[in-house]
């Protein structure tokens, strides 16, 4: 299969580190909020409990590329008495908090531009076709969404007072998160930059930070007035674009000075995380750092919505040398260890199976790592994990781009909203309904109403039987 | 994947099931992909639009209708006839945010900052390969934060002790002067600085507002006051966007004409990807740019400026996707070849456009290139062809064998980008040429198609391994439209080295494309390139691509008249690229825009 978007591959260069060898670093567990040296977690309002009066719910989305290996993913047994398949073995400790879904399809993707890979990403969290339907067809591309993504939608509702309204983490960029204006949201890839954004620059004292915040607000006030004076003068479609920018500035300004009372010590992160071809241990190390940082951010209530993205699906150079697989690039008709290529070759050719299992097991392990760190953070209602909802998903069902019986999984009950510990089976329902169910867990209807999330053609309300 | 074309894009398959066989139509071919065990599980019609004749594609509704568009609803020929293009037709546009390249250049010219001012800004979204699409460029909350941090950083840099007085044009000791002197300095500085920053004169109210910004910051210190102003200016819409209000056109209330300042800005960003210089600003101030002779003279001056060469370099970087050379990884070839290949193509393009023939034909057919000695082996060029004192890493113009080389398409850069670590990617090569040089995109394979190659057979050539594309009717309908183009380049291996055999067997580089007029069957990359070099299809496509880049939008149905005009001029100019740039400054789309919407 050809690379879906050679254009995007070069974006790796944006996140490529300095190429230095990674230093062995202390894990972030010692930086938890209630460990010595940090102040106890408190809500953004400064009180012991967050503004809603109860422990906040969190939403996370965890992405696995290139679908799954179906026989190794779906459980056997009954709804409540089921046996986890091999790829879920690392997640066994969280079995009671899981809902494993069968028979959930991505159906909306057929309504828009289809190129057999990218539409899976664009449609996944939006439930909308790919290709901006408001534009002339000649101007539509597969990276354009027709609606907001689930994470941004929930973040708009619950993320307002957080230091970061949402926390998209990604080792590389991809097009799957869209704000309410259908603009793509970028990933944060640098743990050190992210740490400072969440917890402030450790080199600046609080008084200085306060002065800087006041000054920024003053400047942004001036800038907003520049926008406001301009808006009535421009054409209506210019106004839409400028208004979106103004809204972003407004939201930014409102968030300025939001802090968390956590004051963790900043770890010594490496200068960069090279590609596996240069340093096989870079990506696992990045995952270690970023899962810790995500857990810390959630525990400290610095954010309530996050996404975790390690590798994109589709053509590329996705290798896993740290799993014992030498890098064998993709060539026509020859065995390779490139993930995407292997995901296509199997099951027609048997050779990739073991490697695919290794790769997908590793992704499950990273997910388990994250779950463990969330579970280790105690708070009212149990642990952060208990109060969270992690949506695990992929852009395809299998490597062949099929989109029926997608590998959807949720971990966490969202504070008791979902009745977990079950394998729920459906007969081919649109995934929009799962997105809606999750929105409901956060007290929200769909963006267009209670019946659907995304494209109204795929409504019917939330999935039955989850609560 | 899709590229600017003049017709509908391949619609989602769901919308295609109702389509019917086409009338025999030069403009639109409909290919029926049958169900078959191997390649497809869908019965679908796939629209393949041929660039070429004027008109057609006027339906524009293929993306969301259940009936296929195309033949039934195609408009009669548009350009050049009375009717649709009589009035002022500027097309649809939306206000353009500076992209990262433009931001970098603008900050450089405004503040003298020579670093990468855009380093902290998110990558620009690509639309059809270009990073300056007005519709796609937006600002999210995280980006607003990036702009804030960037503006602060630049303001701090610009007001550092050694720079402050120079920035303001005031006395060296201005930071420690008395308040009155400092105020006088600011009052003298603001109008000129504001004019350069916002690319137009500031009104009294605006100046007063900037003064107030200064005063707020100056509570802390003079420098803080200046930083406050600078940070605000760098975040303001008049800086970050190319705002166009226009002037009324009495004869036609649906359009406005750009005023001199707006024209100056359009000219400078089109040709320099940066702000107007003082000469342009002075011309705007004098109201001289309304006159087309003056404008044309300015265009000549700007084309002669080195910044125009940087702009065309950036254009070709994006069109040819040269950044992909960063992923160069070839079995048996050093990674150090990649920057040399890139430099070759960049130098070649620059030479053709600015020093050489200047035509598309030359780009596609030239029998020379600019090689370093390390790259010579790829082209089978012997060292005596180089000067005796040739230094490694330097580029030298050398003649190439015209039997084996013709312009861009057979260069190492493109052949390498469109290859795996050790074998060619003819399918990708075919697609690339169609999309970039013929503006005839390829529809995707139907979902779920089993694209697993058969088990490896080292006794086959690469072409033979793709045999199913030709023999299986479920595949051949689509693949016949581009495989042949890719196979034509089979003589050029994964780094562009010319070879006669593949896996020990002679290479078959012959092909024919059924849906496009390329002058019949061809054999080999050189013959194909030479056909393209003289083809109307390629000329039209090159004009369309440059229009997309120049105007920051994929040409839509509303741009039909403009596209036709620019294409016709480009053909009449025998494919001269500088002429194409000149054409872009003369269209109604450039001089006007839609009056828009009620306030």
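The values are calculated or read from the model by the stated rules, or taken from the named source; none is laboratory data. All values derive from a computational prediction rather than experimental measurement. Glycine gets a Cβ as well: all are built from the backbone with ideal geometry, and neighbour counts include every protein chain shown.
Of note:
- Conditions (1) closer than 23 Å to residue A:281 by Cα; (2) at pLDDT below 95; number of the one not met by residue A:354: (2)
- For residue A:412, the stated conditions hold: it is in contact with a strand residue (DSSP E or B) (Cβ under 6 Å, 6 or more places away or on another chain) and either closer than 21 Å to residue A:63 by Cβ or crowded, with 19+ Cβ neighbours inside 10 Å (or both).
- Sole exception among (1) more than 7 Å from chain B (Cβ to nearest Cβ); (2) closer than 27 Å to residue B:92 by Cα; (3) out of contact with any helix residue (DSSP H, G or I) (no Cβ under 7 Å at 6 or more places or on another chain) for residue A:246, by number: (3)
- Per this entry, residue B:532 is counted among residues that are under 27 Å from residue B:413 (Cβ atoms), crowded, with 24+ Cβ neighbours inside 10 Å and touching a helix residue (DSSP H, G or I) at 6+ places or on another chain (Cβ under 9 Å).
- When each of A:344, A:340, A:360, A:312 is tested for being closer than 22 Å to residue A:392 by Cα, buried (at least 19 other Cβ atoms within 10 Å of the Cβ), touching a residue at least 60 places away in the same chain (Cβ under 8 Å) and in contact with a helix residue (DSSP H, G or I) (Cβ under 6 Å, 6 or more places away or on another chain), the lone residue that passes is A:360.
- Within region A:315-337, tally of residues that are in contact (Cβ under 8 Å) with a residue 40 or more places away in the chain and within 12 Å of another protein chain (Cβ to nearest Cβ): 5
- Residue B:555 passes every criterion in (1) part of a helix (DSSP H, G or I); (2) within 15 Å of the chain's Cα centre (by Cα); (3) surrounded by 22 or more Cβ atoms within 10 Å (Cβ to Cβ) apart from (1).
- All positions within region B:339-374 that are more than 20 Å from residue B:540 (Cβ to Cβ) and outside any helix (DSSP H, G or I): B:355, B:356, B:366, B:367, B:368, B:369, B:370, B:371, B:372
- Answer from B:140, B:106 - the residue that is within 14 Å of chain A (Cβ to nearest Cβ), over 30 Å from residue B:251 (Cα atoms), surrounded by 19 or more Cβ atoms within 10 Å (Cβ to Cβ) and at pLDDT 95 or above: B:140
- Among the residues listed as B:155, B:134, the single one being within 25 Å of residue B:560 (Cα to Cα) and either modelled with pLDDT of 95 or more or more than 12 Å from chain A (Cβ to nearest Cβ) (or both): B:134
- Count - residues of region B:247-271 that are outside any strand (DSSP E or B) and buried (at least 19 other Cβ atoms within 10 Å of the Cβ): 13
- Boolean, residue A:162 is more than 9 Å from every other protein chain (Cβ to nearest Cβ), crowded, with 22+ Cβ neighbours inside 10 Å and under 30 Å from residue B:595 (Cα atoms): no
- Scanning region B:177-186 for residues that are in a helix (DSSP H, G or I) and either exposed (fewer than 10 other Cβ atoms within 10 Å of the Cβ) or touching a residue at least 40 places away in the same chain (Cβ under 8 Å) (or both) yields B:179, B:180, B:182, B:186.
- Filter result for residue A:182 (within 12 Å of chain B (Cβ to nearest Cβ) and surrounded by 22 or more Cβ atoms within 10 Å (Cβ to Cβ)): no
- On inspection, residue B:486 qualifies as more than 19 Å from the chain's Cα centre (by Cα) and part of a helix (DSSP H, G or I).
- Region A:126-148, subset more than 9 Å from chain B (Cβ to nearest Cβ) and in contact with a helix residue (DSSP H, G or I) (Cβ under 8 Å, 6 or more places away or on another chain), residue surrounded by the fewest Cβ atoms within 10 Å (Cβ to Cβ): A:148
- Selection status of residue A:218, part of a helix (DSSP H, G or I) and in contact (Cβ under 8 Å) with a residue 60 or more places away in the chain: no
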